[in-house]
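Participant: What follows is a structure written as structure tokens; I'll ask about it next.
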């Protein structure tokens, strides 16, 4: 199927392509043989050549930019991240700039991405990169995991995308591909089993290109089928945002960003949140470093 530009159109929803059907049949007969791996890699790379996404962080030459993109992409859709990433990198082009910025300016630059804890963790990571590694990220996933907010997946992804290291990691799109093509109709598939599949199909010569292509393929697969990731033992449904504590926290930060502090009464009048609930949320934000109490007012601290 081709459009007017000669680029293949997306395959219709709810249907495997002929190549996918052939791959599944061969895998059922042979398991993860060298022939199946080769066929799978050709399938993924062919899709990426026609439909691969041109994302700004994929053009990044600096590993720090890769780290920023990976933190932003945690629990946030790619389409939302693209403009925020571009603006954020223009405002804070490297770890030195981010490490020294006041918290209100940091949070202002993060607005619209949600999960503001990630912004504080990213700044703390920047400070550690500057003080511990002279502003340069290490390529060792174990060292990367020492950074605030960086777990095994993020560390593996940074090592692969920034340094082209053949690390083994899972994320939602990769999980969807493996479940759909290699796990039949099974439910409750553990990540340990999927990580073994990741290792078997990895292109060790081109890990950066491979993971980019695999994620693009998974994004399209999730468009065509009900999210295959739901068959993972570790799948979790994101909690509702409307009316949640996350929504209140975000509204509170937006309210305080352009003030020198407000009283609890003024905050409650503006946000219309139950007193006990607001007090609980604000106490948590004080502990996490988002808020500071100064007399009767609450404000966002500078550092």
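Participant: Rounded to the nearest 0.05, what FRET efficiency is calculated for residue 82 and residue 245 with R0 set to 35 Å and r the Cβ-Cβ distance?
Facilitator: 0.80
Participant: Can you tell which of 83, 93, 207 shows the greatest fluctuation in a Gaussian network model of the chain with Cα springs below 10 Å?
Facilitator: Comparing 83, 93, 207 in a Gaussian network model of the chain, the most mobile one is 83.
Participant: With Kirkwood's inverse mean 1/r over C-alpha pairs for Rh, give me the Rg to Rh ratio of the stretch 51-118, two decimals please.
Facilitator: 0.95
Participant: On a 0 to 90 degree scale, rounded to 10, what angle separates helix 207-224 from the longest Cα axis of the chain?
Facilitator: The two axes meet at around 90 degrees.
Participant: Now a separate question. Calculate how steeply helix 152-163 sits against the longest principal axis of the alpha-carbon atoms of the chain, using the helix alpha-carbon long axis, and give the answer as 0 to 90 degrees to the nearest 10.
Facilitator: The angle comes out near 70 degrees.
Participant: Oh, and also: Among 118, 39, 240, which one shows the biggest mean-square fluctuation in a GNM of the chain, springs joining Cα atoms closer than 10 Å?
Facilitator: With Cα springs under 10 Å in the chain, the top fluctuation among 118, 39, 240 is at 240.
Participant: Still on this structure, please answer the following. Distance between the C-alpha centers of the stretch 241-303 and the stretch 92-138? Whole Å please.
Facilitator: 22
Participant: Quick one: compute the contact order of the chain, relative version, from alpha carbon pairs under 8 angstrom and 6+ residues apart, as a percent.
Facilitator: 18
Participant: Rank by packing, highest mean first: peptides 274-285, 247-258, with packing defined as the count of other Cβ atoms within 10 Å averaged across residues.
Facilitator: 247-258, 274-285
Participant: Expressed as a whole number of Å, what is the distance separating the alpha-carbon centroids of the stretch 18-71 and the stretch 178-240?
Facilitator: Answer, in whole Å: 11.
Participant: With the Cα gyration tensor of the stretch 245-299 giving a ≥ b ≥ c as the square roots of its eigenvalues, does the rule (a/c under 1.5 for rounded; else a/b larger than b/c for prolate; else oblate) give rounded, prolate or oblate?
Facilitator: Because its axes are fairly even, with a/c under 1.5, the stretch 245-299 counts as rounded.
Participant: Helix 63-73 sits at what angle to the longest principal axis of the chain, using alpha carbons and giving 0 to 90 degrees rounded to 10?
Facilitator: Helix 63-73 and the main axis of the chain meet at about 80 degrees.
Participant: Points 7 angstrom from Cα along the Cβ direction at residue 269 and residue 139: gap in nanometres?
Facilitator: It is 5.9 nm.
Participant: Computed from the mean reciprocal separation of all distinct C-alpha pairs, what Kirkwood hydrodynamic radius does the stretch 144-214 have, in Å?
Facilitator: Computed over Cα pairs of the stretch 144-214, the Kirkwood hydrodynamic radius comes out at 12.7 Å.
Participant: Here is a further query. Which of 111, 123, 65 ends up with the largest GNM mean-square fluctuation for the chain, with Cα atoms connected below 10 Å?
Facilitator: 111
Participant: Which whole-number percent is the relative contact order of the stretch 62-159 (Cα, under 8 Å, 6+ apart)?
Facilitator: 31
Participant: For the chain, report the % of Cα-Cα distances exceeding 37 Å.
Facilitator: Cα-Cα pairs in the chain separated by more than 37 Å: 26 percent.
Participant: Something else about it: Hey, what number do you get for the chain at 222 nm if only DSSP H runs of n ≥ 4 count, each worth -39500 (n - 2.57), divided across all residues, to the nearest 500?
Facilitator: Result for the chain: -18000 deg cm²/dmol, rounded to the nearest 500.
Participant: Under a point spin-label approximation (7 Å from Cα along Cα-to-Cβ), what is the residue 105-residue 30 distance to one decimal in nm?
Facilitator: Modelled inter-label distance: 5.8 nm.
Participant: When only Cα pairs under 8 Å and 6 or more residues apart are kept, what is the percent relative contact order across the stretch 193-303?
Facilitator: 19
Participant: Using r as the Cβ-Cβ distance of residue 193 and residue 46, and R0 as 22 Å, what FRET efficiency do you calculate, to the nearest 0.05?
Facilitator: Here the calculated transfer efficiency is 0.25.
Each value in this text was obtained by applying a stated rule to the coordinates, not by laboratory testing. Predicted, not measured: the structure shown is a model, and the values here were computed from it. Positions of Cβ are backbone-derived with ideal geometry, glycine not excepted, and every protein chain shown enters the neighbour counts.
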